[in-house]
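The values are calculated or read from the model by the stated rules, or taken from the named source; none is laboratory data. Since the structure is predicted, the reported quantities are computational estimates derived from the model, not experimental observations. Note: ideal-geometry Cβ built from the backbone for every residue, glycine included; neighbour counts use all protein chains shown. Heads up: the accessible areas ignore ligands, DNA and RNA and are worked out on the full protein's heavy atoms, side chains in. Shrake-Rupley method; radii C 1.70, N 1.55, O 1.52, S 1.80 Å.
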Amino acid sequence: MKTLRTIHLYLGCAFAPLLLFFVLTGLLQTFELHEAKKGGSYQPPAWLVHAGSVHTHQRLAGEKGAPREPNWPMRIVSAATCVGLFATVTLGVAMAWQMKRERRRAMLGLAAGVVLPVVILIMQRGMK
């Protein structure tokens with residue numbers, strides 16, 4: 001258990017800055033705040049356009065018509081961050097499983113995290 005906590009700690013600290021960036025930019029993109037709508041009056045701030053471009057294309061937004069070359073070093077770092085997030089979440093669930101007194105509540109929370117989004121998506125699909 002101590003080894004799991006140590007690995008979880010180091011992976012979490014190493015990937016936390018980029019994960020927080022992706023969480024923030026993903027939230028803003030969820031509400032489509034990173035790009036202007038055609039025919040609309042909303043113009044996103046420049047920092048948000050650049051942040052959204054890093055999130056989706058792993059590079060800063062360029063001028064219109066500029067070639068969109070892949071930024072492989074940033075893609076590799078982004079992919080490593082995804083793997084790091086997967087590993088730290090998996091380690092967190094494994095540590096929760098080891099806590100016998102809290103196991104039931106932890107697994108109920110995990111089940112809710114799976115069931116709730118699925119139910120919402122199914123309900124939304126049925127409304128169309």
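Below is a table of values for the structure above.
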{"item": "Virtual spin-label span in nm between Ala111 and Met1, 7 Å along Cα→Cβ", "result": "2.3 nm"}
{"item": "Met74, Met95, Met127, ranked by accessible area, largest first (probe 1.4 Å)", "result": "Met127, Met74, Met95"}
{"item": "Using alpha-carbon coordinates, inclination of helix 72-98 to the longest axis of the chain, degrees", "result": "30 degrees"}
{"item": "Cα gyration tensor shape of the chain, rounded if a/c is under 1.5, else prolate or oblate by comparing a/b with b/c", "result": "oblate"}
{"item": "For Ile120, solvent-accessible area (1.4 Å; no DNA, RNA or ligand), Å²", "result": "100 Å²"}
{"item": "Spin-label model distance (nm) - Val83 vs Phe31, 7 Å beyond Cα toward Cβ", "result": "3.5 nm"}
{"item": "FRET efficiency, Thr56 to Ala16 (Cβ-Cβ, R0 22 Å, nearest 0.05)", "result": "0.60"}
{"item": "Residue order for Val118, Val49 - accessible surface, 1.4 angstrom probe, largest first", "result": "Val118, Val49"}
{"item": "Linear extension gain, Trp47 paired with Val118, 0.36 nm per residue minus alpha-carbon span", "result": "22.2 nm"}
